[in-house]
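The values are calculated or read from the model by the stated rules, or taken from the named source; none is laboratory data. Keep in mind that this is a model prediction, so the values were computed, not measured. Here Cβ is always computed from backbone atoms with ideal geometry, including for glycine, and neighbour counts include all displayed protein chains. Surface accessibility is based on the protein's heavy atoms, side chains included, excluding ligands, DNA and RNA. Shrake-Rupley method; radii C 1.70, N 1.55, O 1.52, S 1.80 Å.
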Amino acid sequence: MMFEAEFESMAKEELEQLQLERLQSTLTRVSRNVPFYRKKFEELGIDPYDFESLADVRNLPLTTRQDLRDNAPYGLFAVPLREVVRLQTSSGFSNGTTVFGYTQSDIRKWSRLTARILAAGGATKEDVVHVAHNYGLSTMAFGMHYGAEALGATVVPVSSGNARRQVGIILDYRATALACIPSYALFLADVMDEMGVNRNALPLRWGLFSGEAWSESTRKRIQDRLNITATDNYGVSEVMGPGVAGECLERRGMHIQEDHFLAEIIDPKTLHPVPPGTIGELVLTTLTKEALPMIRFRTGDLTRLMPEPCPCGRTFLRMDRIQGRSDDMLIIQGINVYPERIKAILAETHHVEPNYLLVVDRHGGLDRTMLLVEADMVEPDQIKTQQRFIDLTRQQLAMELGLVFEVKLVERQTIAELETGKSRVVDRRQP
C-alpha cells in the first residue's frame, strides 16, 4: 500500500481547489507577518483576498536567494522564533548566510513528504535505510532520516565519509536502501570492488539519490554495480529540503508533491511563463510551510514539467531530471558553491583579489576540485611564503564551504589557456 496514496492520486479538480485554498491562506499569512512580502504586495497592488485562480500566481513577486540573504537570519520568518524548533542552512552561498526554520508542524509535514518519496522509490517499513548524506546544517540527511522513520523503516544514520566503514555497515546491518548523492554510490561501488565484495551478496535493493545532477547512463552504472533499483529525487533547502519531488518505480520523471508545492516553469531571462513541456527555470511556492513560506522562489534549476498521466496512478505533475542551472552555482559533492564566494574568500583571506580558476573533475566516482591561482600574487621564489598561502587558502575554503580543495599556484598563461570565455570555472564532469 502506497504511503498517503489518497493524496497522491487526487482528482485534478480536487487538487487545484486544495492548492488554491492553501495558496490564499499562505498569502494572507505572509502579508500579515512578513514585512518583506507585505511591502512587495503593496508595491504591486496585490490583495491576497483577490486571488480566485491559480493562474493569478504569475502576478506575485519572485523570491530569490539574494532576498533571503538580504533578510537573514530571521527577516522572512512568518512565526516568532519561539515557535521554531529547527534551524538549518545550505552551504556555499555567494555572500552572507541564510537560515531555514521549521516549526513542529513543518517537521511533521517534511517527514511525511520524504516518506512518500521513499515509498514511491520502493522502500517500505520492512527496509533498513542507510543514510550516507552528511549530517549537519544541510537538510539532505535529516530529510531522508525523518522520512524513513515516518515510513516505519529502520534508519542507519551513518553520514558521509570513511567508505570502507560504510561498506562494512551495509553488510553487517543488512541495509536494503541507500540514500546519498549518486557519485558517492559509484564511489562505494569502487570501494566494494577493492574489498572484494560480491555484488550478488549485497543486501541492498533500493537506491534513493539526490543532491546533484546525474544521467540515465549513471543510473544504469549504479544499478549494474550495486544490483539495486535507483530513483531520482529532488529537494530545495530554501523550500523545505528533500521531499519536494521524487520518482516512482516507473522512473519517468519526478512527481512533485503538489498538495504542498505549486510549481511553475519560467524563462530565466524574461521571467515569463514558458509553453508547456518547455525547459526553463523551476519556480516553487510553498502552500503549507509555517516558519519560512516561500512565494515563487527561483530555484535556479532548469527542467520541464510533464503533465501526461503516469502509469503508477499518481496524479501529481512530474518534472524531468535537472538539466542544468540558470545561474553560475555549482553543486560539488552535494554542496552549493558559487564562484563569486570563492573570490570573496580569497580577498578576505589575503586582502587581494587574485586571478583564479576553479577546475572541477570527477575521479573514482567523487568530485575533485582544484583552485588555480596566479603565482605572481605572492613573492616569487619564496617557497615558504607560497606554501603558507596554499595552506591558508585550503583551510579557509574548507571552513567556509565544507569542501577540500587542491590549491595550486600557476603562471598567468596557464589560466588564460584554460578559461572558457568569462567563466571562472572549468567543469569537466560528465553527469
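Some points to look at:
- Loop trypsin sites (Lys or Arg not before Pro), segment 218-326, which have at most 12 other Cβ atoms in a 10 Å radius of their Cβ (DSSP): K269
- Ellipticity at 222 nm from helices only: DSSP H runs of n ≥ 4 in the chain, each -39500 (n - 2.57), divided by the residue count, give -10500 deg cm²/dmol.
- Of the listed residues T414, T299, the order by accessible area with a 1.4 Å probe, largest first, is T414, T299.
- Segment 132-240 - Rg and Dmax from Cα coordinates, angstrom: 13.3, 42
- Note on L44: accessible area approximately 100 square angstrom, rounded to 10, probe 1.4 Å, nucleic acids and ligands left out.
- Most simply put, the chain has about 65% antiparallel DSSP beta bridges, counting only bridges with both residues inside it.
- Between A11 and A201, the simple spin-label model (points 7 angstrom out along Cα→Cβ) gives 5.5 nm.
- Rel. contact order, % - alpha carbon contacts under 8 angstrom, at least six apart, segment 85-326: 16
- Accessible surface of segment 12-66, 1.4 Å probe: 44 percent of it comes from carbon and sulfur atoms.
- Structure remark: mean-square fluctuation, Gaussian network model of the chain, C-alpha springs under 10 Å; the largest value among M195, M140, M370 belongs to M195.
- Heavy-atom accessible surface of segment 85-326: percent carbon and sulfur, 1.4 Å: 50
- With the charge dipole of segment 335-427 set up from +1 on Lys and Arg Cβ and -1 on Asp and Glu Cβ about the Cα centre, the Cα lying farthest toward the positive end among the listed residues L401, M370, T414 is that of L401.
- Projecting the Cα positions of I342, Q66, Y184 onto the charge dipole of the chain (unit charges on Cβ atoms of Lys, Arg, Asp and Glu, taken about the Cα centre) puts Y184 furthest along the positive direction.
- Rounded to 5, the percent of DSSP beta bridges in segment 335-427 classed as antiparallel: 50
- Ordered from highest to lowest accessible area with the whole protein assembly present and a 1.4 Å probe, L171, L292 read as L171, L292.
- Here the accessible area of segment 335-427 is 48 percent carbon and sulfur, with a 1.4 angstrom probe and all protein chains present.
- Note that the chain presents 44 Å² accessible area per residue, ligands and nucleic acids not counted, probe 1.4 Å.
- Unit charges on C-beta of K, R, D, E only; dipole of the chain, Debye: 720
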